[in-house]
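Some notes on the structure that comes next.
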């Protein structure tokens, strides 16, 4: 789960990472009130989960009430690369002396956390890594030991940042690591990490990703989920306990098990079709789960045909067939279905479908045959 | 021969008294796996259809000589259970549980690496050595003994590919699910090493998916250290960046972890990559000859 800047900064504050004073706002009057409280100049920042806010006009400096009002009104409702701005963060403006970059990331390859620091912040960090790899210093941390002071100092000295801020930057790294571990984050990124004119070190931005699997121990973070940023179908699927990812094609897809569903999308694409979604009905799906999965798939109006690709292990094919029959009774779909059932109780499942004789449901014996058939039907 | 599980496996199941735990433990026993014990704190002294339940792994190991553990407990208790199994001296810990927090997995992985216990999973379907032992939830009825070693990050996709191979007459030495999480206890490389040393295995099929760099790392290892033919399949060519495709570990970040990059890395090292599960079985026929 990706947090918005101000949510990340709330976690920073909780763990002692210095941040400029600021207030979230969802309306123009709220933003103006926040600005008045903070004192000018303030920066009004769009809260969206996408980079490049500044270039898109989503970050503006306001030096008085009129400007605060004008900028807040302009930014709220703005579309930044497909993300609608519903929230603002009003922050006390900082006087910039130097901009660095700091992050704690989860290095999957080394299976360890990795601390990163660069004296070249405020810009696209991948660009820095490409043009001047030496400018980005990295250090793996043993998760059983944690980030020690010497790690922070070593990175700070190695990265060539100004000598007078080595200690506070090292200290900030240690605190960012606290955020990373204690909040179950998989990414904590500060770009830019700011040195102000008075040589104070603050986190001017915050990018935090929290592990969805750990939300059970962070109810406060779980409440931060930004539902407005989620697709309607994805939200509906989540409420029903299904794993659904919306794509932009017209072939609806349901399978059991993440790998098999991914493979099904690929095979449909190879057959010349465009998948409308990824939907994993999960292991051991019962008929009701299948029925609600059909509802989710068909709630996407672009879907012209649906493919069921099931290899039953724990999942029983007769349950899948029952779910589909039930879905036809409840929803009466208008698009054709192609069904491929293999594995546990496949014969029973196919017999149930044959008996029900549902309109416009085609059974296929193989995954490839089913993919070809559904692509043909979606194009018809 | 086979790898990891066989007739010498003495299985202890953590979470045996839960609904799923009971079902699959007994299913494994019915297959012929030697299920010697269960562990559920507070339920020591009970039994599950004749399998004795202990309060701790230590008691189970001491009294039954268990050498392999299967972890079936809910995500919030799983890391603790794995660490307890390791502390009790279990050699192989197979973790089926899905949804364990990444930081728990990081700590477990880095701790286990210092000892001698091997972890397979989490979030995996387990390990099946056809005709010998089944530890986990793989539906054994689709597989028979043979010379193809199969290692995969995904459950049902393994069944699909295994079934395509079976239809062409191939059986398996062992099928290992290493799991779909970002920190798997065992990697493709660990399994390639075991299959390379297993005399029964003549072809290794590895089934990868988007996310991380495990397939790329395996490609380098195969070129240097594997003499047996390796055949690969990668799922997720159509996955868009930034979206988790069902498995916590299956996500393309920026330009990293794409299926195309993985297939390319493998092919660059001479590993043939099937474009769909059916093609994998066709290439297997080319490599090993027709078995039907």
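Has the range A:278-296 got at least one residue that is touching a residue at least 60 places away in the same chain (Cβ under 8 Å), more than 29 Å from residue B:24 (Cα to Cα) and buried (at least 19 other Cβ atoms within 10 Å of the Cβ)?
So the first thing to find is which residues in the range A:278-296 are touching a residue at least 60 places away in the same chain (Cβ under 8 Å), and the list is A:296.
If we keep only those that are more than 29 Å from residue B:24 (Cα to Cα) as well, we get A:296.
Now restrict to residues that are buried (at least 19 other Cβ atoms within 10 Å of the Cβ): A:296.
Within the range A:278-296 (the criterion being touching a residue at least 60 places away in the same chain (Cβ under 8 Å), more than 29 Å from residue B:24 (Cα to Cα) and buried (at least 19 other Cβ atoms within 10 Å of the Cβ)), the answer is yes, since at least one residue qualifies.
Only one of B:220, B:242 is over 22 Å from residue B:121 (Cα atoms) and modelled with pLDDT of 95 or more; which? Walk me through how you get there before you give the answer.
On the way: B:242 fails: modelled with pLDDT of 95 or more.
Going through B:220, B:242 in turn, the sole match is B:220.
What are the residues in the range A:20-60 that are under 22 Å from residue A:124 (Cβ atoms) and assigned to a loop (DSSP other than H, G, I, E, B), if any?
Taking the range A:20-60 and keeping what is under 22 Å from residue A:124 (Cβ atoms), we get A:43, A:45-60.
Answer for the range A:20-60, where residues must be under 22 Å from residue A:124 (Cβ atoms) and assigned to a loop (DSSP other than H, G, I, E, B): A:47, A:48, A:49, A:50, A:51, A:52, A:53, A:54, A:55, A:56, A:57, A:58.
Please go through the range A:252-271 and pick out each residue that is part of a helix (DSSP H, G or I) and either more than 9 Å from chain B (Cβ to nearest Cβ) or crowded, with 24+ Cβ neighbours inside 10 Å (or both). Even if it seems obvious, please write down each step before you answer.
Here is the first cut: in the range A:252-271, the residues part of a helix (DSSP H, G or I) are A:258-270.
Within the range A:252-271, A:258, A:259, A:260, A:261, A:262, A:263, A:264, A:265, A:267, A:268 qualify.
Within the range A:295-315, work out how many residues are assigned to a helix (DSSP H, G or I) and either closer than 21 Å to residue A:357 by Cβ or in contact with a strand residue (DSSP E or B) (Cβ under 7 Å, 6 or more places away or on another chain) (or both). It would help to see each step written out before you state the result.
Pass one, the range A:295-315, residues assigned to a helix (DSSP H, G or I): A:295-298.
Still in the running and either closer than 21 Å to residue A:357 by Cβ or in contact with a strand residue (DSSP E or B) (Cβ under 7 Å, 6 or more places away or on another chain) (or both): A:296-298.
Adding up the residues that qualify gives 3.
What about residue A:81, is it surrounded by fewer than 22 Cβ atoms within 10 Å (Cβ to Cβ), within 14 Å of chain B (Cβ to nearest Cβ), within 21 Å of the chain's Cα centre (by Cα) and at pLDDT 95 or above? Before the answer, list the steps.
Details: surrounded by fewer than 22 Cβ atoms within 10 Å (Cβ to Cβ): yes; within 14 Å of chain B (Cβ to nearest Cβ): yes; within 21 Å of the chain's Cα centre (by Cα): yes; at pLDDT 95 or above: no.
Here the answer is no, as residue A:81 does not meet what is asked.
Quick one: which strands (runs of 3 or more DSSP E) sit completely within the range A:141-251 and have at least 3 residues that are away from chain B (no Cβ under 14 Å) and either touching a residue at least 40 places away in the same chain (Cβ under 8 Å) or in contact with a strand residue (DSSP E or B) (Cβ under 7 Å, 6 or more places away or on another chain) (or both)? Walk me through how you get there before you give the answer.
Details: elements: A:185-196, A:201-203, A:207-210, A:243-246.
Filter on the range A:141-251 gives A:185-196, A:201-203.
Looking at the range A:118-140, which of its residues are under 30 Å from residue B:104 (Cβ atoms) and in contact (Cβ under 8 Å) with a residue 60 or more places away in the chain?
A:125 - this is the single residue of the range A:118-140 that is under 30 Å from residue B:104 (Cβ atoms) and in contact (Cβ under 8 Å) with a residue 60 or more places away in the chain.
Which of the residues spanning the range B:193-219 are away from chain A (no Cβ under 14 Å) and in a loop (DSSP other than H, G, I, E, B)?
Going residue by residue through the range B:193-219, those that are away from chain A (no Cβ under 14 Å) are B:193-204.
B:198, B:199, B:200, B:201, B:202, listed by residue number.
Kindly check whether there is at least one residue in the range B:220-230 that is facing chain A (nearest Cβ under 9 Å), within 19 Å of residue B:158 (Cβ to Cβ) and touching a residue at least 40 places away in the same chain (Cβ under 8 Å). Show your work before the answer.
Of the residues in the range B:220-230, the ones facing chain A (nearest Cβ under 9 Å) are none.
No: the range B:220-230 contains no residue that is facing chain A (nearest Cβ under 9 Å), within 19 Å of residue B:158 (Cβ to Cβ) and touching a residue at least 40 places away in the same chain (Cβ under 8 Å).
Residue check, residue A:53 against (1) buried (at least 20 other Cβ atoms within 10 Å of the Cβ); (2) over 28 Å from the mean Cα position of the chain (by Cα); (3) more than 21 Å from residue A:181 (Cα to Cα); (4) at pLDDT below 95, all met but one. Which one?
Residue A:53 satisfies all of (1) buried (at least 20 other Cβ atoms within 10 Å of the Cβ); (2) over 28 Å from the mean Cα position of the chain (by Cα); (3) more than 21 Å from residue A:181 (Cα to Cα); (4) at pLDDT below 95 except (2).
Just one of B:100, B:127 is within 12 Å of the chain's Cα centre (by Cα) and buried (at least 24 other Cβ atoms within 10 Å of the Cβ); which is it? Talk me through it step by step, then tell me what you get.
Details: B:100 fails: within 12 Å of the chain's Cα centre (by Cα).
Result of the check over B:100, B:127: B:127.
The values are calculated or read from the model by the stated rules, or taken from the named source; none is laboratory data. Worth saying up front: this structure is predicted, and the values here are computed from it rather than measured. Counting neighbours? That spans all protein chains shown, and the Cβs are built from the backbone with ideal geometry, glycine included.
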